[in-house]
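Chemist: Before anything else, here's the structure in question.
Derivation of every value follows stated rules applied to the coordinates shown; laboratory data play no part. Note that this is a predicted model, so its numbers are computed, not measured.
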Amino acid sequence: MESTQPRPTFPELVALVDAILDDCDDNVPCIAKKLDALDADTRNELLVSDLLNAWQIFYFMFRTDPDLLTRERMELEPASSLANGLMIEETDLLEMYFAIRGAVPVIVVHDGDKTVATFTGKSAYAQGREVLLKPEYL
């Protein structure tokens, strides 16, 4: 079923994000609530845009706060990097990537040569961390 609303223009998206950031300051839970209130088409445009950062999208998707290093990595990356996947955590053996595919969060655990596990949806991050921290589950 196609939306009857026209796709928002880039200037409209910029104005919308500016208003969200003005209302929320740097409060990421507040930003997530504002994203929840948007229509799906507009929100989906923002999920992989340069207007928000990967940390804001990560929190919106998983409603959890990762460790400080992981958070800082994502704060420095635009949400647009999630279209290709962004390495967010690593151990000696494995790396974890966060991506957005069709407005769905994807967590991929990789060993450097091949994908060893892929998870989607709201529980993907927790599932990925289990594998990342306890690879014997594979």
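Chemist: Connecting C-alpha atoms closer than 10 Å in a GNM of the chain, tell me which of LEU94, LEU69, LEU86 has the biggest fluctuation.
Modeler: Taking springs between Cα atoms under 10 Å, the residue moving most is LEU69.
Chemist: Moving on. Helix 10-24 against the longest principal axis of the chain: what's the angle in degrees, Cα atoms only, rounded to the nearest 10?
Modeler: 80
Chemist: By how many degrees, between 0 and 90 and to the nearest 10, does the Cα long axis of helix 28-37 differ from the longest principal axis of the chain?
Modeler: Taking Cα atoms only, the helix is inclined about 60 degrees.
Chemist: Quick query: amide H of ASN53 versus all other amide H atoms, modeled in the peptide plane; which residues come in under 5 Å with a sequence gap of 5 or more or a different chain?
Modeler: So ASN53 has HN proximity to ALA79.
Chemist: Using only Cα atoms, find the angle between the long axis of helix 124-133 and the longest principal axis of the chain, and express it within 0 to 90 degrees, rounded to the nearest 10.
Modeler: 30
Chemist: For ASP67 and ALA103 in the same chain, what is the full-extension length gain: residue separation times 0.36 nm, less their Cα-Cα distance, in nm?
Modeler: Stretched out fully, the ASP67 to ALA103 stretch lengthens by 10.6 nm.
Chemist: Step through the table entries LYS34/LYS122; LYS114/LYS134; LYS33/LYS114, compare each Cα-Cα distance with 25 Å, and write down the pairs that go over it.
Modeler: Checking Cα-Cα distances, LYS33/LYS114 exceed 25 Å.
Chemist: What does the extension gain come out to for ASP36 and LEU76, with contour length at 0.36 nm per residue minus their alpha carbon separation?
Modeler: That works out to 12.1 nm of additional length.
Chemist: Starting from the amide H of ILE88, placed 1.01 Å from N in the peptide plane, find each other amide H under 5 Å away whose residue is 5 or more places distant or on another chain.
Modeler: MET96, TYR97, PHE98
Chemist: Next question, about the same structure. Rounded to the nearest angstrom and ordered from largest down, what semi-axes does the equivalent ellipsoid of the chain get from its C-alpha gyration tensor (root of 5λ)?
Modeler: Values for the chain, descending: 29, 16, 12 Å.
Chemist: 222 nm [θ] for the chain, helices only, -39500 (n - 2.57) per DSSP H run of 4+, per residue, to 500?
Modeler: -13000 deg cm²/dmol
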